[in-house]
1. In segment 101-115, what residues are more than 16 Å from Lys65 (Cβ to Cβ) and among the β-branched types (Val, Ile, Thr)?
2. Could you pull out the residue among Leu119, Leu83 that is assigned by TED's automatic domain parsing to the domain that holds Ala43 and in contact with a strand residue (DSSP E or B) (Cβ under 6 Å, 6 or more places away or on another chain)?
3. Looking only at segment 77-93, which residues are of a type in the set (D, E, K, R) and either over 22 Å from the mean Cα position of the chain (by Cα) or closer than 15 Å to Lys65 by Cα (or both)?
4. Could you grab me the full set of residues in segment 52-93 that are among the hydrophobic types (A, V, I, L, M, F, W, C) and free of Cβ contacts under 8 Å to residues at least 24 places away in the same chain?
5. In segment 8-49, which residue that is part of a helix (DSSP H, G or I), among the aliphatic types (A, V, I, L, M) and at pLDDT below 70 is farthest from Gln103 (Cα to Cα)?
6. Just for segment 50-93: of the residues that are small (Gly, Ala, Ser) and part of a loop (DSSP other than H, G, I, E, B), which one is nearest to Phe128 (Cα to Cα)?
7. Anything in segment 94-127 that is part of a helix (DSSP H, G or I), free of Cβ contacts under 8 Å to residues at least 24 places away in the same chain and over 21 Å from the mean Cα position of the chain (by Cα)? List them, or say none.
8. Going by what's in this entry, would Lys60 be described as surrounded by 13 or more Cβ atoms within 10 Å (Cβ to Cβ), at pLDDT 90 or above and out of contact with any Ser or Thr (no Cβ under 9 Å at 6 or more places or on another chain)?
Amino acid sequence: MIFNTKLISGAKALRKATEKHIAAGDNVEQKKVPIKRSTDANALYWLWLQVLQDETGEKKEQFHKYFKSEHIGTTEEEVFGRLITLEPTTTNKSKRFFWEYMQNVKADAATEFGVMLPLPTDNGFEEFYNKYSEYL
């Protein structure tokens with residue numbers, strides 16, 4: 001039995017629902033499933049990469065690889081008896097991780113490339129959005 005705890009309000013209600021299914025002989029498994037990054041955050045990230053490309057002349061894909069390497073790192077895995085390096089990914093990261101990643105990208109863009117990238121909560125974001133929204 002799988003419960004979506006967002007649909008069950010409170011620990012007491014969850015416990016009651018779980019006990020009901022256990023009493024009925026159902027198998028009940030608990031696991032925490034992280035909430036993945038949002039599509040809005042991902043769209044903003046790729047907009048930032050487009051702005052970096054426009055401002056520096058470097059390809060946005062290169063920035064993407066660079067930031068992933070800097071802030072996620074690579075992992076190694078043994079495949080067919082050989083150690084291979086796996087490219088880092090943001091696809092399966094949680095909202096919290098992706099938020100921190102975006103903060104790091106924003107800081108790097110300013111300090112290393114001289115490009116200011118605003119968050120939706122920053123002053124000037126509306127002007128930024130109006131200027132670059134065609135890339136969304």
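The values are calculated or read from the model by the stated rules, or taken from the named source; none is laboratory data. Keep in mind the model is a prediction, meaning the values are calculated, not measured. For neighbour counting, all protein chains shown are included, and Cβ atoms are generated from backbone atoms with ideal geometry for every residue, glycine included.
1. Initial filter on segment 101-115 (more than 16 Å from Lys65 (Cβ to Cβ)): 102-103, 106-107, 110-111, 114-115.
Scanning segment 101-115 gives Thr111, Val115.
2. Criteria check complete, one pass: Leu83.
3. If the condition is that a residue be of a type in the set (D, E, K, R) and either over 22 Å from the mean Cα position of the chain (by Cα) or closer than 15 Å to Lys65 by Cα (or both), then Glu77, Glu78, Arg82, Glu87 are the ones that fit.
4. Result: Phe63, Val79, Phe80, Leu83, Ile84, Leu86.
5. Step by step, filter segment 8-49, then rank; the result is Ala17.
6. Taking the candidates together, the pick is Gly57.
7. Residues satisfying the conditions are Thr111, Glu112, Glu126, Glu127.
8. yes
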